[in-house]
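See below for the structure under consideration.
Every number in this text was worked out from the coordinates using simple rules, so none of it is lab data. Note that this is a predicted model, so its numbers are computed, not measured. Cβ: placed from backbone, ideal geometry, glycine included. Neighbour counts: every protein chain shown.
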Amino acid sequence: MSDFSAIAPENVFIAPYPFVREKYVRVTPNPDEPERDTWRPGVRFEPVPPDDGEAVADAVGNIILTVVGRFKPGRFPERVFYTRQWESPDGAKFGKNNLRIATLAQFKRLALGYRHEYRLISSGTP
């Protein structure tokens, strides 16, 4: 949903978001659980010779924003209370269910998806 006039409680906004493939290793090593591949929202930076870099992503998933409420505190900018989840390129949903707060303008930018340029590279990993 991208109709910003409908930012009301229980509305859900889903936008494309880049993901990168990473290895997950437990903080406390466990020999019974080897490292495994996982998805991380965002991009990684790869060098571009001679002295530059570019943002790259391995695949595209989604950011899922659920509006909890709106509040206009007096003379201050209107706030949107929301929760955030991620949907990996595999279709798995994850993310803490913490309440987050943003100004209305900031929430609208967030609901549009990743805000910086990146290059999507095709990797042989599923």
Add +1 for every Lys or Arg and -1 for every Asp or Glu among the other residues with Cβ under 11 Å from the Cβ of Thr38, and state the total.
0
Within the under-12-Å Cβ sphere about Arg119, not counting Arg119, Lys/Arg +1 and Asp/Glu -1 give a net charge of -3
Please return the longest range in the chain lying between exposed loop sites, taking GluC sites (Glu not before Pro), DSSP loop only, at most 11 other beta-carbon atoms within 10 Å, and leaving the sites out.
36-116
The stretch 4-120, dipole about Cα centre (Lys/Arg Cβ +1, Asp/Glu Cβ -1), debye to the nearest 20:
860 debye
Cross-link list Lys23/Lys93; Lys23/Lys108; Lys23/Lys96: which exceed 23 angstrom alpha carbon to alpha carbon?
Lys23/Lys108
Exposure-ranked with fewest Cβ neighbours within 10 Å first, Ser88, Ser122 stand as Ser122, Ser88
Among Phe76, Pro47, Thr28, whose Cα projects farthest towards the positive end of the dipole of the chain, with charges put on the beta-carbon of Lys, Arg (+1) and Asp, Glu (-1)?
Phe76
Count charges around Arg26 for me, please; just the other residues with Cβ under 15 Å from its Cβ, Lys/Arg as +1, Asp/Glu as -1.
-3
Normalised by the residues of the chain, what does the relative contact order come to in percent, with Cα pairs under 8 Å and at least six apart?
26 percent
